[in-house]
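Trainee: Quick one: structure below, then a few questions.
The values are calculated or read from the model by the stated rules, or taken from the named source; none is laboratory data. Predicted model only: the values in this text are computed from it and were never measured. Cβ coordinates were reconstructed from backbone atoms using ideal geometry, including for glycine residues, and neighbour counts include every protein chain displayed. What goes into the accessible areas is simple: the full protein's heavy atoms, side chains included, and nothing from ligands, DNA or RNA. Shrake-Rupley method; radii C 1.70, N 1.55, O 1.52, S 1.80 Å.
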Amino acid sequence: TRLYVTNYASNTLSVIDTATNTVAATVKTGKRPVQIAIDRVGGRVYVANYESRSVSVIGLFGHTVLGTIPVETNPFGIAVDPSRGRGYVSNAAVDTLSVIDTRTDTVVSTVPVGKALLGRVVDALGNPLEGPKLNLTHRYPLRPAPLNPMAREPVTKPIGTGVRAMDGLLTCGRGQRV
């Protein structure tokens, strides 16, 4: 089991082996790494670098830097949704949320958030139900283009249902759409 720790002052990420309580690797990141998110499906660790306007992408198994994703000013919080192939980075200085496609490691959209939405009542499309119009310069599509089914990983691991007759006749696989 591994533990990942950002080292703010030294601009690194430490990988700690919890079985032996030793540092397994130290990886150079951008300036002032503050938070991490782990994508076990994609095999990557994403590190928000507060002062370099970037997210470092680190291989989960080789512990090497795979790339750097430029984002808005002062990325602070970061989260990954492996089921949708998306990463979300809050940009503290400009009140936006950068949406990252974790399959291509690129920013696909920047969503305005923050003070303009405080105390406002909006509908499902983000339109104000009261008061003046919102002054938002960016919008994220509610229905983005569908994913190409041929770009998905192939189904290779079977999943047992607990019913032997079903497992023998109708094998289900991990990641399979049923």
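Trainee: Looking at the structure I just gave you, is R44 out of contact with any Asp or Glu (no Cβ under 7 Å at 6 or more places or on another chain), of a type in the set (K, R) and over 21 Å from A24 (Cβ atoms)?
Mentor: Working: out of contact with any Asp or Glu (no Cβ under 7 Å at 6 or more places or on another chain): yes; of a type in the set (K, R): yes; over 21 Å from A24 (Cβ atoms): no.
Taking the combined requirement at face value, the residue does not satisfy it.
Trainee: Any idea which residue in segment 74-131 is nearest to A145 (Cα to Cα), counting only those that are of a type in the set (A, V, I, L, M) and modelled with pLDDT of 90 or more? It would help to see each step written out before you state the result.
Mentor: Initial filter on segment 74-131 (of a type in the set (A, V, I, L, M)): 78-80, 89, 92-94, 97, 99-100, 107-108, 111, 113, 116-118, 121-122, 124-125, 129.
So of that shortlist, the ones also modelled with pLDDT of 90 or more come out as 78-80, 89, 99-100, 107-108.
Numbers: I78: 24, A79: 22, V80: 19, V89: 21, V99: 15, I100: 15, V107: 15, V108: 11 Å.
This residue is V108.
Trainee: Another question, if that's okay. List, please: which pairs have Cβ atoms under 6 Å, are six or more places apart or on different chains, and start with a residue in segment 103-131 that is open to solvent by less than 70 Å² (accessible area, probe 1.4 Å) and end with one that is modelled with pLDDT of 70 or more and of a type in the set (G, A, S)?
Mentor: D105/G67; V107/S98; T110/S98
Trainee: If you don't mind, there's one more thing I want to ask. Across segment 154-170, what is the total count of residues that are open to solvent by less than 90 Å² (accessible area, probe 1.4 Å) and either in contact with a His (Cβ under 7 Å, 6 or more places away or on another chain) or among the β-branched types (V, I, T) (or both)?
Mentor: The number of residues fulfilling the criteria is 4.
Trainee: Another question, then. Just checking: which of the strands (runs of 3 or more DSSP E) contained wholly in segment 1-91 hold 1 or more residues that are open to solvent by less than 70 Å² (accessible area, probe 1.4 Å) and under 16 Å from V107 (Cβ atoms)? Let's see the steps before the verdict.
Mentor: On the way: elements: 2-7, 12-17, 22-28, 33-39, 44-49, 54-59, 65-70, 75-81, 86-91.
Correct list: 33-39, 44-49, 54-59, 65-70, 75-81, 86-91.
Trainee: Kindly establish whether E72 is of a type in the set (D, E, K, R), out of contact with any strand residue (DSSP E or B) (no Cβ under 6 Å at 6 or more places or on another chain) and on the phi < 0 side of the Ramachandran plot. Working first, answer last.
Mentor: Values: of a type in the set (D, E, K, R): yes; out of contact with any strand residue (DSSP E or B) (no Cβ under 6 Å at 6 or more places or on another chain): no; on the phi < 0 side of the Ramachandran plot: yes.
Answer is no for this residue.
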